[in-house]
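Single-structure report; data block below.
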Amino acid sequence: MSDAPILTIAHAGKSYSRHVALDDVSLALAPGRITCLLGPSGCGKSTLLRLIAGLEPADAGEIAMAGALLSSAAGHVPPEQRDIGLVFQDFALFPHLDVTANVGFGIAHLARAERAERVAALLERFRLSHRAKAWPHTLSGGEQQRVAIARALARDPAVLLLDEPFSGLDGDLRAEVRRQVLDGLAETRAAVLIVTHDPEEAMLMADALALMRDGRVLQAGTPAECYARPVSIEAARLLGQVSVVPAVVRGGVAETPFGSLPADLPDGAARLMLRPEALALAEAGAPVTVTAARLGGGFSEIIVEAEGATASLRHAGGAPPIGRGFVRIDPARARLFAGS
Amino acid sequence: MLAAIAAALPLAGIVAAAFSGATADIAAADVGRYALTSAGLALLVGVITAIAGTLAAWLVVMHRFPGRDIFAWALALPLAAPAFALAYAYGDLFDVAGGLRIWMRGTLGFDMPFEMRTISGAAFVLSCAFYPYVYLAMRAAFLNQSVTALEAARTLGCSQRRAFLRAALPLARPALAAGAALAIMETLADYGAVQFLSVQTLTTGVVRAWSVYGSTASAAQFALPLLGAAALLLWIERAGRRGRGYEANRARWRELPVTRLTGVKAVLAVTFCLLLLTLGLLLPCFWLAWNGLNVSPDWVRLFDAAEHSLILSVAGAAITVALATALALGAAKLPLAARVASLGYATPGAVMAIGLLAPAALIWRIVPGATGFAVAIGLLLYAYAARLMAAALEPVDAGLAKVTPNMIWASRSLGRGPVSTAWHVQLPIARGALLTAGLLVFIDILKELPATLILRPFNFDTLAVIASNYALDERLEQAGWPSLLIIALALPAVIWLTRKIARSRPGAA
């Protein structure tokens with residue numbers, strides 16, 4: 001797996017009248033890797049996708065693929081001339097064509113036999129062979145999704161973009177389709193960019209993660225990096241629940257309501273970010289009050305309070321009684337940020 | 001953009017010609033007198049079609065009675081009959097010196113207090129021909145009405161009938177305005193019927209000024225008030241359409257509360273629907289055919305004309321739909337273009353033709369070797385396209401709206417350029433709508449008289465033209481044949497369209 005990026009986005013910007021949708025966004029996609037773009041709705045991630053696909057010109061910055069400029073101040077390559085596949089949130093299957101014709105739509109320039117062969121292979125890969133002659137409106141949501149992906153892959157694009165690919169599916173189906181799509185994508189050498197607002201989904205699928213908020217990329221890295229070492233509390237929040245409690249750093253040690261831990265910060269006020277698993281109930285440690293405890297299945301979600309600060313933690317096993325208790329911080333899973 | 005300019009050109013021609021000076025052969029008083037007649041006629045037709053069309057729609061949508069499902073679409077069939085055909089039939093049938101009236105006076109001892117060759121006679125004929133416009137608009141409005149509003153009215157103490165009067169009818173008012181505006185537009189545009197019934201309207205004025213006095217300028221002066229009225233009616237119609245929005249966005253569709261009519265009420269309902277259908281189509285057809293059987297038609301001339309009519313209608317439909325499609329595909333970028341193009345729809349054919357005469361003279365001079373025949377046919381097709389563009393644009397727009405922006409972008413990202421995308425994605429999906437648009441234009445061209453009369457090449461007759469010529473020569477039996485042929489050619493298209501409209505609404509069948 002080579003890490004040389006096939007597509008690079010440098011300082012891209014886009015505004016709609018007064019609203020800044022994208023602000024100085026840079027990102028690189030490598031072949032054979034899945035990058036997930038994660039952020040709340042309206043953060044600009046879909047706009048970035050549209051810019052990469054060429055559906056809209058960029059106001060600022062450059063987008064280049066394999067050394068050739070696609071979008072820049074100098075010009076704009078139309079979508080049909082970019083080697084980029086795009087899968088829409090609503091799938092956008094052509095209602096007047098059956099599954100085979102939909103998948104073969106982008107490869108009309110190939111000879112009939114070659115086209116048929118490639119379509120058949122794709123349908124096989126996405127387990128759609130039995131639906132080859134079906135009309136789009138007769139397909140289930142998961143099938144439509146896979147047809148849309150197969151259609152985009154038929155041209156063997158260097159880059160594949162997927163916009164909220166699983167948002168239209170729910171529950172078990174969602175997990176199953178995700179698995180099938182990952183299996184199907186495993187055989188491609190395309191650089192894949194998936195836009196999603198579901199942190200769990202992003203972490204499960206991604207080789208690389210980019211966290212977006214308010215039109216900016218907050219952090220890019222592997223899912224493990226982003227989860228364990230967020231660059232800011234804002235970035236941390238995008239990947240799941242966090243508790244933030246005040247801390248004071250003195251001589252390399254941070255004092256917090258839930259105990260002390262070593263700190264690599266100058267003396268002064270700081271904030272401690274805690275994932276639920278960074279805090280554990282213990283026999284001894286910092287004294288807290290357990291104010292709420294709810295059973296969440298194999299674990300209990302517990303709210304603890306000390307010196308006016310609250311935090312939540314996950315406790316394996318049954319819910320403890322409301323009242324006094326002790327907690328301990330796992331320094332490896334907690335992050336300190338300077339400032340108050 | 002080109003399509004919009006094409007539609008606007010004749011309108012500019014009118015204004016230019018009207019102010020070109022050299023007129024004076026027609027007194028301003030004449031323009032005023034004709035305008036008053038037109039206004040009176042328009043008012044009468046507007047009121048009659050509004051009442052008849054609304055009543056028919058209310059009966060068919062809100063009630064159940066024998067034959068309702070057939071009437072639902074059959075009531076629109078008079079659209080196949082040109083107004084002049086009705087005028088020939090009724091002008092003869094109800095003529096003071098005609099057989100029916102003589103028989104009534106002699107045998108029954110009384111006479112109909114009715115004179116066909118008056119404004120009220122013309123209003124009767126045109127109402128029979130144009131009530132389907134109101135009927136179709138009101139039917140759609142009633143079918144789309146909010147059941148919740150009706151039910152709310154019921155819970156507030158209104159009876160079913162009062163709920164209809166106080167909730168459904170006011171909600172359908174925009175549709176009524178739109179339908180009546182269409183009927184009035186057609187009334188103002190009509191030439192054949194009023195001409196035959198000797199009612200002098202602005203449109204007959206336009207044709208007369210041109211054909212008798214040979215003055216384009218004075219014809220244009222008659223045309224100006226028509227153009228103003230057309231713009232006003234168009235505005236009313238569009239405003240009415242905007243108002244439909246709040247009826248359509250109901251949460252979900254539910255079966256309308258339908259009243260089953262029995263006994264006398266059912267008989268009355270059937271009688272009323274049958275009466276409309278009879279007056280609008282069956283009786284005139286029968287009378288024209290009955291009279292026509294007395295003479296042997298000039299088959300050669302008739303088939304020649306039928307061929308010309310068909311060629312013009314098919315070619316005109318193809319060109320108009322192609323232009324409308326181009327306009328619709330580009331309309332997102334040019335909303336003004338569509339607005340301008342739609343003005344053509346309200347413009348009477350005679351006005352359109354006069355507007356084209358000035359630019360036509362130019363073409364004649366510029367294009368060397370242009371034969372008169374080719375130029376005239378070109379101009380005629382052009383006039384049809386300019387006039388009917390908006391009629392075609394509406395279904396085409398609706399059809400193209402079925403293609404989501406993402407489908408277009410999907411096609412683009414799959415390597416197809418804008419043109420290939422239009423050809424392989426947008427047009428195939430809008431196929432049905434294109435056919436609908438084509439048939440609408442086909443029917444209208446088949447029935448068209450004044451523009452054809454003015455612009456056609458010498459000795460190039462269509463069915464409408466020879467019908468009009470026979471009628472002018474008082475050879476009414478002969479005029480029946482081409483009229484009936486027009487109806488016969490248009491009827492399959494009308495049936496296909498109305499059945500499609502009936503099917504497209506839930507609960508219609």
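Looking at the range B:183-195, is at least one residue assigned to a loop (DSSP other than H, G, I, E, B), touching a Leu at 6+ places or on another chain (Cβ under 8 Å) and within 30 Å of residue B:453 (Cα to Cα)?
The answer is yes, given that some residue of the range B:183-195 is assigned to a loop (DSSP other than H, G, I, E, B), touching a Leu at 6+ places or on another chain (Cβ under 8 Å) and within 30 Å of residue B:453 (Cα to Cα).
Looking only at the range B:385-417, filter to residues that are more than 27 Å from residue A:148 (Cα to Cα) and of a type in the set (D, E, K, R); which one of those is farthest from the other protein chains (Cβ to nearest Cβ)?
Filtering the range B:385-417 for residues that are more than 27 Å from residue A:148 (Cα to Cα) and of a type in the set (D, E, K, R), the one farthest from the other protein chains (Cβ to nearest Cβ) comes out as B:387.
Can you find a residue that is of a type in the set (A, V, I, L, M), closer than 23 Å to residue B:417 by Cβ, in contact with a strand residue (DSSP E or B) (Cβ under 8 Å, 6 or more places away or on another chain) and within 14 Å of another protein chain (Cβ to nearest Cβ) anywhere in the range A:115-128?
no
Output the number of the condition that residue B:426 fails; it satisfies all remaining conditions of (1) within 8 Å of another protein chain (Cβ to nearest Cβ); (2) more than 14 Å from residue A:152 (Cα to Cα); (3) in contact with a Leu (Cβ under 9 Å, 6 or more places away or on another chain); (4) not charged (D, E, K, R).
Among (1) within 8 Å of another protein chain (Cβ to nearest Cβ); (2) more than 14 Å from residue A:152 (Cα to Cα); (3) in contact with a Leu (Cβ under 9 Å, 6 or more places away or on another chain); (4) not charged (D, E, K, R), the lone unmet condition for residue B:426 is (1).
Could you grab me the full set of residues in the range A:136-157 that are within 13 Å of another protein chain (Cβ to nearest Cβ) and among the hydrophobic types (A, V, I, L, M, F, W, C)?
Matches in the range A:136-157: A:147, A:148, A:149, A:150, A:152, A:153, A:154.
Can you pull out every residue in the range A:222-254 that is buried (at least 18 other Cβ atoms within 10 Å of the Cβ) and assigned to a strand (DSSP E or B)?
A:243, A:245, A:247, A:249, A:254
Quick one: which of B:159, B:211 is within 30 Å of residue B:115 (Cα to Cα) and surrounded by fewer than 21 Cβ atoms within 10 Å (Cβ to Cβ)?
Residue meeting the stated conditions: B:211.
Exactly one condition in (1) over 12 Å from residue A:277 (Cα atoms); (2) surrounded by 10 or more Cβ atoms within 10 Å (Cβ to Cβ); (3) modelled with pLDDT under 90 is false for residue A:315; which is it?
Going through the list (1) over 12 Å from residue A:277 (Cα atoms); (2) surrounded by 10 or more Cβ atoms within 10 Å (Cβ to Cβ); (3) modelled with pLDDT under 90, residue A:315 breaks only (1).
Could you tell me which numbered condition residue B:373 fails, if it satisfies all but one of (1) assigned to a helix (DSSP H, G or I); (2) under 30 Å from residue A:56 (Cβ atoms); (3) not polar (S, T, N, Q)?
Failing condition for residue B:373: (2).
Among the residues of the range A:53-88, how many are within 12 Å of another protein chain (Cβ to nearest Cβ), assigned to a loop (DSSP other than H, G, I, E, B) and either over 23 Å from residue A:189 (Cβ atoms) or not aliphatic (A, V, I, L, M) (or both)?
Qualifying residue count, the range A:53-88: 7.
Could you list, in sequence order, all residues of the range A:89-114 that are at the interface with another protein chain (Cβ under 7 Å from one of its Cβ atoms) and of a type in the set (Phe, Trp, Tyr)?
The answer is A:94, A:105.
Would you be able to tell me the number of residues in the range A:255-266 that are modelled with pLDDT of 90 or more and not in a strand (DSSP E or B)?
2
Looking at (1) under 22 Å from the mean Cα position of the chain (by Cα); (2) over 30 Å from residue B:159 (Cα atoms); (3) touching a residue at least 24 places away in the same chain (Cβ under 8 Å), can you tell me which one residue B:273 breaks?
Single failed check for residue B:273: (2).
Per-residue answers, yes or no, for (1) hydroxyl-bearing (Ser, Thr, Tyr); (2) part of a helix (DSSP H, G or I); (3) free of Cβ contacts under 8 Å to residues at least 40 places away in the same chain; (4) surrounded by fewer than 20 Cβ atoms within 10 Å (Cβ to Cβ):
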| site | (1), (2), (3), (4) |
| --- | --- |
| A:127 | no, no, no, yes |
| A:137 | no, yes, no, yes |
| A:145 | no, yes, no, no |
| A:151 | no, yes, no, no |
| A:172 | no, yes, yes, yes |
| A:176 | no, yes, yes, yes |
| A:189 | no, no, no, yes |
| A:192 | no, no, no, no |
| A:195 | no, no, no, no |
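As an exercise: evaluate residue B:80 against (1) touching a helix residue (DSSP H, G or I) at 6+ places or on another chain (Cβ under 8 Å); (2) over 27 Å from residue B:492 (Cα atoms) and give the number of the one condition it does not meet.
All conditions are met except number (2).
Can residue B:228 be described as buried (at least 24 other Cβ atoms within 10 Å of the Cβ) and either assigned to a helix (DSSP H, G or I) or at pLDDT 80 or above (or both)?
No; evaluated as a whole, the condition is false for this residue.
Condition check: under 15 Å from residue A:335 (Cα atoms), in contact with a Cys (Cβ under 8 Å, 6 or more places away or on another chain) and touching a residue at least 60 places away in the same chain (Cβ under 8 Å). Does residue A:274 satisfy that?
no
For residue B:482, are the conditions met, namely being at pLDDT below 90 and out of contact with any Asp or Glu (no Cβ under 8 Å at 6 or more places or on another chain)?
Taking the combined requirement at face value, the residue does not satisfy it.
Out of all the residues in the range A:39-52, which are more than 14 Å from chain B (Cβ to nearest Cβ) and more than 14 Å from residue A:89 (Cα to Cα)?
A:39, A:40, A:42, A:43, A:44, A:48 - these are the residues of the range A:39-52 that are more than 14 Å from chain B (Cβ to nearest Cβ) and more than 14 Å from residue A:89 (Cα to Cα).
Looking only at the range A:287-312, filter to residues that are at pLDDT 85 or above and not in a strand (DSSP E or B); which one of those is surrounded by the most Cβ atoms within 10 Å (Cβ to Cβ)?
A:307
So, in the range A:21-43, of the ones that are surrounded by fewer than 16 Cβ atoms within 10 Å (Cβ to Cβ) and more than 24 Å from residue A:178 (Cβ to Cβ), which residue ends up nearest to the chain's Cα centre (by Cα)?
Looking at residues that are surrounded by fewer than 16 Cβ atoms within 10 Å (Cβ to Cβ) and more than 24 Å from residue A:178 (Cβ to Cβ), I get A:26.
Where in the range B:401-483 are there helices (runs of 4 or more DSSP H), lying fully within it, with 1 or more residues that are within 28 Å of residue A:103 (Cα to Cα) and not aromatic (Phe, Trp, Tyr)?
In the range B:401-483, B:405-413, B:418-421, B:431-447 are the helices (runs of 4 or more DSSP H) which contain 1 or more residues that are within 28 Å of residue A:103 (Cα to Cα) and not aromatic (Phe, Trp, Tyr).
Considering only the range A:128-157, how many residues are charged (D, E, K, R) and more than 19 Å from residue A:84 (Cβ to Cβ)?
The total comes to 4.
Give the residues of the range A:159-172 that are on the phi < 0 side of the Ramachandran plot and away from chain B (no Cβ under 13 Å), sorted by residue number.
If the condition is that a residue be on the phi < 0 side of the Ramachandran plot and away from chain B (no Cβ under 13 Å), then A:165, A:166, A:167, A:169, A:170, A:172 are the ones that fit.
The values are calculated or read from the model by the stated rules, or taken from the named source; none is laboratory data. Computed from a prediction, not measured in an experiment: that's the story for all the values here. Here the Cβ is made from the backbone with ideal geometry for all residues, glycine too, and neighbour counts use every protein chain on show.
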